[in-house]
Amino acid sequence: MLLDTIKENIAEFIQNSEQNFVEKLDMMQIWDQPLIGVASASDPLWEKLKEHGVIGPEHLTPEEWLPGAKSVISYFLPFTEHIRSSNRQKGLPSIEWLYGRCEGEVVNNNLRKLIIELIESADGKAVAPALDKRFKVANHVSNWSERHAAFIAGLGTFSLNYSLITNLGAAGRFGSVITDIEFEPSIRPYKEIDEYCSKCGECIPRCPPTAIDENGKDAESCSKFLDKTLKLNKPRYGCGKCQTAVPCEYQNPTRV
Ligand code: B12
Ligand code: SF4
Ligand code: SF4
């Protein structure tokens, strides 16, 4: 089974790849083992994402990224306890979080490449939108949303601050690969778009620029704060205070 082979290779990569350990920070491990889900490329939700107020018409479907697409493999990489706990203090992001955000995305990109290679070696076609030259972000909206792909693949739901909460929490990053190989889609064990958020409001006072309130998150002021962290930590940036020291940091708060 190709999907089992892909899962085994991902596990091996996360456990053994040198890139998942930061030499400058005492060989700190960035990622724990991921959650992996599969969405069908013909799921009607892909078309729904094109509606204004959901994402918008610029969001491309799996078929638009890869003609003949059948499945989307989506995964959530959770930060290790070491990185999460380092960012529980208020204020500026921890050094560990900054490395996790930036060096961690290099690992994420290599994971996307690994999945593509495994699919191509089984004579399939594969595209990771995040690595594709057509990928773009304008006004804080991208033409391939990793969170929405994960939502469709059954990995979790949105929340008050828009983070996607999985059964391993929200502190981490997502990735995905579209393929023309058909895999069994994962079950979506939720009905509402924000079902895994308990609405406890604990992320509200965590946000340094007060970008979060009971109605949601202001992407613009979050983005300005991230720019500030870049000025202080060039070439790295990040924040993630809304994803640490909160009940949804490493678990689904509606399932504990
Ligand atoms: C642009 C961007 C940003 C922008 C703003 C994004 C935004 N709109 O919230 C800025 C720069 C501010 C930002 C900040 C951060 N980001 Co960012 N960002 C992205 C990026 C590149 C694109 C996001 C996008 O296109 N969103 C589209 C808009 C429309 O999404 P939305 O507003 O959340 O969608 C709402 C609607 O769709 C609505 N809705 C209405 N009707 C319906 C119907 C249905 C069926 C559905 C499903 C939804 C829905 O529900 C959603 C939530 O309210 C993604 C990477 C990627 N390619 O996906 C990373 C990403 C979202 N970021 C991520 C992270 C980690 C961060 C930061 C923590 C920074 C850091 N690393 O330290 C912060 C704060 C995150 C937070 N609380 O949301 C992670 C998310 C991890 C998680 N657990 O959610 C992502 C997925 C990167 C990754 N590869 O993992 N980010
Ligand atoms: S801290 Fe509470 S309100 Fe905020 S996203 Fe997590 S569960 Fe939802
Ligand atoms: S990442 Fe930081 S600035 Fe952005 S919403 Fe979360 S706590 Fe606020």
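The values are calculated or read from the model by the stated rules, or taken from the named source; none is laboratory data. Computed from a prediction, not measured in an experiment: that's the story for all the values here. Methodologically, a virtual Cβ is constructed for each residue, glycine included, from the backbone with ideal geometry; neighbour enumeration extends over all protein chains shown.
Mind counting the residues in the stretch 207-256 that are charged (D, E, K, R) and closer than 28 Å to LYS191 by Cα?
7
Could you list, in sequence order, the residues of the stretch 164-222 that are more than 13 Å from ligand 2 (Cβ to nearest atom), polar (S, T, N, Q) and over 22 Å from ASN108 (Cα atoms)?
THR210, SER221
Criterion first (touching a strand residue (DSSP E or B) at 6+ places or on another chain (Cβ under 7 Å) and near ligand 3 (Cβ under 10 Å from one of its atoms)) does ALA219 satisfy it?
In short, no.
Can you tell me which residues in the stretch 67-106 are closer than 30 Å to ASP123 by Cα and surrounded by fewer than 22 Cβ atoms within 10 Å (Cβ to Cβ)?
Answer for the stretch 67-106, where residues must be closer than 30 Å to ASP123 by Cα and surrounded by fewer than 22 Cβ atoms within 10 Å (Cβ to Cβ): PRO67, GLY68, LYS70, GLU105, VAL106.
Within the stretch 45-64, take every residue that is more than 12 Å from ligand 1 (Cβ to nearest atom) and not in a loop (DSSP other than H, G, I, E, B) and give me the one that is surrounded by the most Cβ atoms within 10 Å (Cβ to Cβ).
For the stretch 45-64, the residue satisfying everything is PRO62.
Do you know which residues across the stretch 140-162 are of a type in the set (Ser, Thr, Tyr), surrounded by fewer than 24 Cβ atoms within 10 Å (Cβ to Cβ) and not in a strand (DSSP E or B)?
SER145, TYR162
Determine which member of the set LYS228, LYS234 is away from ligand 3 (no atom under 16 Å from the Cβ) and among the basic types (Lys, Arg).
Only one candidate passes the filter, namely LYS234.
Which of the residues spanning the stretch 148-163 are more than 16 Å from ligand 2 (Cβ to nearest atom) and either within 21 Å of ASN110 (Cβ to Cβ) or without any contact (Cβ under 8 Å) to a residue 40 or more places away in the chain (or both)?
Hits for the stretch 148-163 are ALA149, ALA153.
Considering only residues of the stretch 163-175 that are out of contact with any helix residue (DSSP H, G or I) (no Cβ under 6 Å at 6 or more places or on another chain) and in a loop (DSSP other than H, G, I, E, B), which is nearest to ARG84 (Cα to Cα)?
Checking each candidate, the answer is LEU168.
Only residues that are more than 10 Å from ligand 1 (Cβ to nearest atom), closer than 23 Å to LEU3 by Cβ and not aliphatic (A, V, I, L, M): list them for the stretch 126-162, please.
ASP132, GLY154
Does any residue of the stretch 240-252 turn out to be more than 10 Å from ligand 1 (Cβ to nearest atom), assigned to a helix (DSSP H, G or I), on the phi < 0 side of the Ramachandran plot and at pLDDT 95 or above?
no
Between a residue in the stretch 221-250 that is more than 21 Å from GLY172 (Cβ to Cβ) and any residue that is at pLDDT 95 or above and within 11 Å of ligand 1 (Cβ to nearest atom), which pairs come within a Cβ distance under 6 Å, given they are 6 or more apart or on different chains?
SER221/PRO209; SER221/ALA211
May I ask you to list pairs of residues, at least six apart or on different chains, whose Cβ atoms are under 6 Å apart, with the first in the stretch 103-130 being at negative phi and modelled with pLDDT under 95 and the second being surrounded by fewer than 16 Cβ atoms within 10 Å (Cβ to Cβ) and among the aromatic types (Phe, Trp, Tyr)?
As it stands, the answer is none, since no pair meets every condition given.
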